[in-house]
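The structure under discussion appears below in the form of structure tokens.
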Amino acid sequence: MIELEGVPELIDPVMVAAFEGWNDAGDAASTAVAHLDREWKGEVFAALDAEDYYDFQVNRPTVFLDGGARKITWPTTRLSVVRVGGDKPRDLVLVRGIEPSMRWRSFCNEILGFAHELGVEMVVVLGALLGDTPHTRPVPVSGVTSDPDLARTMDLEETRYEGPTGIVGILQEACTHAGVPAVSLWAAVPHYVSQPPNPKATLALLNRLEDLIGLRIPLGELAEDARAWQLGVDQLAAEDSEVAEYVQTLEEARDTAELPEASGEAIAREFERYLRRRDPGPGSGPGGHATESGDSSYLRDTSSGRTRPPKPARPDSGPGPVSGAGNGPARGTGPGPAPDETPKDTPKDAPGDDSPEDSSEDSSEDSSED
């Protein structure tokens with residue numbers, strides 16, 4: 001029995017979830033939910049029992065000192081609620097945690113139990129994958145669903161993905177079987193600069209989320225950080241002629257693939273989006289709104305002190321992918337994963353959790369899963 005003491009009756013609630021690990025290249029998805037929680041001052045009301053779902057040798061607990069007393073933080077998944085004010089207020093239930101190590105069906109049932117008790121109208125799960133996409137172009141974001149009616153009404157793709165999946169895919173299917181409308185938003189992260197954070201992918205996810213749920217998302221300092229990230233990657237790529245040549249190859253492939261989209265209907269659609277964002281709306285605040293332009297941004301990695309991402313990997317000979325892309329953890333060093341996190345080891349040719357199989361294509365391709 002789920003008891004929700006102290007949680008007020010929610011207004012048109014939408015659940016937004018992201019999980020660190022295999023579904024979270026560049027930490028793009030989990031950073032997006034963390035941003036929502038921080039900007040709208042989310043209040044945690046529940047945490048799943050870590051003992052039920054996590055292997056502590058994979059996701060280790062951490063010890064810290066609090067006023068001289070030693071305390072332990074256990075890896076888990078937490079739920080918080082935020083109320084977005086404005087002319088049409090609505091509530092978000094934010095789910096943020098680590099991909100569980102075991103008992104995925106029980107895990108999803110517990111999440112859906114909270115959704116049922118809170119009257120959640122729709123579940124949106126965020127994810128990110130490694131792909132052949134240049135960092136100089138807008139980040140492709142695919143919106144996919146298992147519900148054909150939802151695909152039609154919300155301009156989404158009905159998933160056609162087949163292959164390995166993670167907790168994002170399992171949760172979406174659990175929602176479908178439970179009769180809860182569910183959508184997955186997938187951002188493609190350039191595999192040659194996969195180290196987190198990836199601000200541009202985070203901002204692209206927030207941008208698509210804005211359109212999906214009709215809320216304005218305040219960005220704070222993200223726009224400024226985005227420009228720093230973009231310039232940093234440009235500079236690092238320019239210092240290596242092979243990397244620069246490879247990026248140019250990706251740019252040409254992307255631009256060629258998008259030529260059919262330069263139609264009157266596509267231009268009109270983008271212009272309508274621009275006009276919609278010029279108008280103040282619910283949830284607007286300092287910092288403007290999300291954008292998928294080239295100067296999107298990211299949160300600085302304060303733990304490492306980096307102000308720009310590491311140097312991109314050198315490409316192999318020929319037009320193929322950069323060496324080592326997607327074949328190992330996307331972050332972390334040393335003998336094992338850092339505490340409370342799972343390595344992002346999504347293979348580029350087997351895109352993580354039901355994500356688009358070829359992220360260099362437009363999001364209208366139907367080779368994706370939620």
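Taken residue by residue, segment 158-167 has no member that is over 30 Å from Leu250 (Cβ atoms) and in a helix (DSSP H, G or I). Of all residues in segment 68-97, those being surrounded by 15 or more Cβ atoms within 10 Å (Cβ to Cβ) and in a loop (DSSP other than H, G, I, E, B) number 4. Apart from one condition, Asp37 fits all of (1) open to solvent by less than 50 Å² (accessible area, probe 1.4 Å); (2) touching a residue at least 60 places away in the same chain (Cβ under 8 Å); the exception is (2). Of all the criteria given as (1) over 27 Å from Leu219 (Cα atoms); (2) in contact with a Lys or Arg (Cβ under 8 Å, 6 or more places away or on another chain), the one not satisfied by Asn59 is (2).
Condition first: within 10 Å of the chain's Cα centre (by Cα) and in a loop (DSSP other than H, G, I, E, B). Now tell me which residues in segment 1-47 satisfy that. Even if it seems obvious, please write down each step before you answer.
Initially, segment 1-47 is screened for residues within 10 Å of the chain's Cα centre (by Cα), giving 17-20, 23-33.
Hit for segment 1-47 is Asn23, nothing else.
Cβ-Cβ contacts under 7 Å between residues 6 or more apart (or on different chains), taken from a first residue in segment 225-239 that is aromatic (Phe, Trp, Tyr) to a second residue that is assigned to a helix (DSSP H, G or I), are listed as Trp229/Pro199; Trp229/Lys200. Look at Asp255 and say whether it is over 29 Å from Lys41 (Cβ atoms), modelled with pLDDT under 90 and either assigned to a loop (DSSP other than H, G, I, E, B) or basic (Lys, Arg) (or both). So Asp255 does not fit the description; no.
Residue count for segment 226-248, restricted to those that are under 18 Å from the mean Cα position of the chain (by Cα) and open to solvent by 10 Å² or more (accessible area, probe 1.4 Å): 0. Scanning segment 42-67 for residues that are among the hydrophobic types (A, V, I, L, M, F, W, C) and surrounded by 15 or more Cβ atoms within 10 Å (Cβ to Cβ) yields Phe45, Ala46, Leu48, Ala50, Val58.
Report whether or not Ala178 is surrounded by fewer than 21 Cβ atoms within 10 Å (Cβ to Cβ) and closer than 19 Å to Ala115 by Cβ. It would help to see each step written out before you state the result.
Numbers: surrounded by fewer than 21 Cβ atoms within 10 Å (Cβ to Cβ): yes; closer than 19 Å to Ala115 by Cβ: yes.
When the stated conditions are applied, Ala178 passes them.
Among the residues making up segment 49-76, a single one is touching a Leu at 6+ places or on another chain (Cβ under 8 Å) and either over 23 Å from Ala28 (Cβ atoms) or at pLDDT 95 or above (or both): Lys71.
Restricting Ala228, Ala187, Ala237 to those that are at pLDDT 80 or above and within 26 Å of Arg160 (Cα to Cα) reduces the list to Ala187. Filtering segment 174-230 to residues that are in contact with a Cys (Cβ under 9 Å, 6 or more places away or on another chain) and part of a helix (DSSP H, G or I) leaves Ala174, Cys175.
Residues checked against (1) surrounded by fewer than 24 Cβ atoms within 10 Å (Cβ to Cβ); (2) closer than 17 Å to Glu99 by Cβ; (3) aromatic (Phe, Trp, Tyr):
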position	(1), (2), (3)
Met122	yes, no, no
Val125	no, yes, no
Gly131	no, no, no
Pro138	yes, no, no
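Evaluating Glu210 against the criteria (1) out of contact with any Phe, Trp or Tyr (no Cβ under 8 Å at 6 or more places or on another chain); (2) open to solvent by less than 20 Å² (accessible area, probe 1.4 Å); (3) farther than 25 Å from Val95 by Cβ; (4) not hydrophobic (A, V, I, L, M, F, W, C) leaves one unmet condition, (3).
Only one of the numbered conditions (1) open to solvent by 10 Å² or more (accessible area, probe 1.4 Å); (2) in contact (Cβ under 8 Å) with a residue 60 or more places away in the chain; (3) in contact with a helix residue (DSSP H, G or I) (Cβ under 8 Å, 6 or more places away or on another chain); (4) farther than 17 Å from Val123 by Cα is violated by Pro100, and that is (1).
With respect to Ile111, is the statement that it is among the β-branched types (Val, Ile, Thr) and under 20 Å from Ala178 (Cβ atoms) true? Considered against the rule, which asks whether it is among the β-branched types (Val, Ile, Thr) and under 20 Å from Ala178 (Cβ atoms), Ile111 comes out as yes. Checked against (1) within 30 Å of Tyr192 (Cβ to Cβ); (2) at pLDDT below 95; (3) open to solvent by 50 Å² or more (accessible area, probe 1.4 Å), Glu9 passes all but condition (1).
Would you tally the residues in segment 143-165 being closer than 16 Å to Asp24 by Cα and open to solvent by less than 10 Å² (accessible area, probe 1.4 Å)?
Restricting attention to segment 143-165, the residues satisfying the condition of being closer than 16 Å to Asp24 by Cα are 143, 164-165.
In the following step, the residues that additionally are open to solvent by less than 10 Å² (accessible area, probe 1.4 Å) were identified as 143.
Going through segment 143-165 one residue at a time, the tally reaches 1.
The values are calculated or read from the model by the stated rules, or taken from the named source; none is laboratory data. Remember, it's a predicted structure, so these values are computed and weren't measured experimentally. Virtual Cβ from ideal backbone geometry, glycine too; neighbours counted across all protein chains shown. Protein only, heavy atoms only, side chains kept; ligands, DNA and RNA dropped before computing areas. Shrake-Rupley method; radii C 1.70, N 1.55, O 1.52, S 1.80 Å.
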